1. Can you tell me which of SER240, SER279 is under 21 Å from the mean Cα position of the chain (by Cα), open to solvent by 20 Å² or more (accessible area, probe 1.4 Å) and not β-branched (Val, Ile, Thr)?
2. Every residue in segment 154-187 that is among the aliphatic types (A, V, I, L, M) and assigned to a helix (DSSP H, G or I), please.
3. All but one of (1) open to solvent by less than 20 Å² (accessible area, probe 1.4 Å); (2) part of a helix (DSSP H, G or I); (3) among the hydroxyl-bearing types (Ser, Thr, Tyr) hold for TYR231, so report the exception by its number.
4. Residues of segment 101-142 being of a type in the set (S, T, N, Q), touching a residue at least 60 places away in the same chain (Cβ under 8 Å) and either open to solvent by 40 Å² or more (accessible area, probe 1.4 Å) or farther than 22 Å from ARG475 by Cβ (or both), which ones?
5. For residues in segment 328-366 being within 21 Å of the chain's Cα centre (by Cα) and part of a loop (DSSP other than H, G, I, E, B), which is farthest from the ligand (Cβ to nearest atom)?
6. Of all residues in segment 299-309, which are buried (at least 22 other Cβ atoms within 10 Å of the Cβ) and touching a Lys or Arg at 6+ places or on another chain (Cβ under 8 Å)?
7. If a residue has to be within 24 Å of VAL366 (Cα to Cα), outside any loop (DSSP other than H, G, I, E, B) and more than 16 Å from the ligand (Cβ to nearest atom) to count, how many in segment 291-303 make the cut?
8. Looking only at residues in segment 367-397 that are in contact (Cβ under 8 Å) with a residue 40 or more places away in the chain and away from the ligand (no atom under 14 Å from the Cβ), which one is nearest to GLU420 (Cα to Cα)?
Amino acid sequence: MESENRPLRAHFIPYSTTSHLMPQVDMAMIFAARGVDVTIITTYYNSLLFQKSIDKAITRGHRINVHKLKFPFREIGLPEGLENFSDATSGEICSKIGKGISMLQQPIEQFIRDNRPDFIVADMFHFWSSDLASDLGIPRLTSHGMGHLALCAEDCLLRYEPHKTVLSDKEPFLLPGLPGQIQMTRSEIAEWIKVPDAFAGLMNMINESIEKSYGVLVNSFYELEKDYADYYRDVLGMKSWSIGSVRLFNARNDSRNDEKHDCQTWLDSQNPNSVVYVSFGSVCSFSSAQISEIAKALDSMNHPFIWVVRNEDKENEDGEWLPRELEEKITKSNKGLIIKGWAPQLSILEHPAVGGFLTHCGWNSVLETIAAGVPMATWPLGADQFYNEKLTQVLGVGVKVGLESWTHLLEESRSYVEKEKIEKAVNELMGGGEEAEMRRKKVKELCVIAKAAVTEGGSSYSNVTTLLDEIRQCR
Ligand code: UDP
């Protein structure tokens with residue numbers, strides 16, 4: 001019989017999209033730092049995104065292993081290396097990646113059966129892992145890309161269908177029972193909730209598997225969403241642990257922050273709190289008309305900016321993704337930096353020159369900006385982002401840009417926000433009025449609480465302790 005004192009063994013199965021993958025790797029590193037013997041099961045090219053951080057953790061004596069699977073590129077007709085949804089440029093590529101991921105279920109299951117851990121942490125999309133875990137008699141924890149408010153709001157919409165009580169897409173309705181008197185409109189809700197489709201079927205399976213699982217790990221901290229964490233547990237009867245912000249646990253040791261990006265030097269030359277950071281996450285896609293409108297707004301305002309653009313391969317009718325003259329003007333004036341591709345978001349947000357973030361409200365971005373004490377102008381596009389915008393309103397740390405149209409993440413955003421609306425929100429965000437000051441004060445307070453949550457004795461730190469104690473009892 002194995003010793004009861006040996007370290008717990010856990011297998012982590014992240015999903016192949018950056019905003020799910022990276023937080024789960026952070027979670028794995030948190031558990032490894034607490035003495036758990038951790039294995040991350042992923043594909044080779046995804047592992048390159050975080051291998052350096054793991055190597056660093058190993059040199060600190062943490063037991064952490066990466067089990068790399070080969071993605072079936074050839075079988076599904078994708079070029080070598082294209083295995084992450086964040087690199088997909090079309091719906092067709094996304095569905096091929098999805099197919100490749102489903103082909104990995106069998107080898108992952110086999111590996112777990114051959115190397116039985118004490119518990120599994122699997123992304124919500126690996127819904128099959130609940131049955132596997134129960135077969136092996138071990139707990140499966142679900143790693144969710146969503147916060148507690150979002151989880152509660154989605155449950156409320158599915159359970160009570162309050163959107164069916166209104167007559168138009170723009171008429172507001174309350175989310176019944178939820179703390180904070182949260183209002184939504186039908187146009188802010190995901191299509192699959194309004195008209196059940198294949199994705200709704202998948203979400204159904206996911207929700208069933210979450211209910212069968214041991215509980216949910218939420219990348220959030222209790223104080224941030226206290227009412228919704230309590231509602232999730234007490235009213236919905238779900239078990240969850242807020243253990244975030246998971247980035248904060250690891251930020252200091254993270255190799256992703258090692259290399260100095262050019263934008264750091266530029267930021268060093270700017271005044272404190274003067275720069276607006278503009279980024280819409282790792283997946284979203286804008287039309288070239290919308291990109292031009294953002295460019296015009298940034299050009300016409302008096303705030304220095306860093307703008308991250310993903311669509312650099314997209315062209316408008318003139319053959320350009322962004323009017324060349326405008327780009328040249330911006331670059332020459334040194335008023336702003338345009339980063340085409342990937343930006344070091346964490347270091348940017350933490351730079352003292354940054355005073356505001358124009359964001360699509362991806363959950364990671366919301367957590368990262370709160371943890372950096374930077375207020376937001378909010379421009380949600382799809383996924384859970386409208387719920388996250390509600391949280392920024394409840395907390396009083398965001399200005400709404402005012403978009404009300406949910407788009408599927410894999411489609412080009414249907415949003416078209418005029419230059420004037422963008423300017424208004426950003427000016428309010430960066431301005432000096434009473435409300436702007438209040439937003440800054442509130443987000444700075446939350447930043448202090450966020451940092452305390454992950455230090456020894458803090459709420460997230462203690463939740464990890466409690467969870468590990470419980471799992472040891474299950475063993
Ligand atoms: N991110 C980054 N650089 C970029 C774009 C995104 O570091 O240029 C990171 C960002 O810090 C966050 C994640 O990618 O951790 C995006 O996740 P989020 O939930 O905000 O949005 P999503 O990508 O899911 O839409």
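1. Just a single option satisfies the conditions, and that option is SER240.
2. LEU157, LEU158
3. It fails just one condition, (1).
4. Of segment 101-142, the ones of a type in the set (S, T, N, Q) are 102, 105-106, 110, 115, 129-130, 134, 142.
Still in the running and touching a residue at least 60 places away in the same chain (Cβ under 8 Å): 115, 129-130, 134, 142.
Correct list: ASN115, SER134.
5. If we take residues in segment 328-366 being within 21 Å of the chain's Cα centre (by Cα) and part of a loop (DSSP other than H, G, I, E, B), then HIS351 is farthest from the ligand (Cβ to nearest atom).
6. PRO304, PHE305
7. 4
8. Per the criteria, the residue is ALA377.
The values are calculated or read from the model by the stated rules, or taken from the named source; none is laboratory data. Bear in mind the structure is a predicted one, so any value in this text is a computation, not a measurement. Every residue, glycine among them, receives a Cβ derived from its backbone with ideal geometry; neighbour counts consider all protein chains shown. For the accessible areas, the whole protein counts, side chains as well, though only heavy atoms, and no ligand, DNA or RNA atoms are used. Shrake-Rupley method; radii C 1.70, N 1.55, O 1.52, S 1.80 Å.
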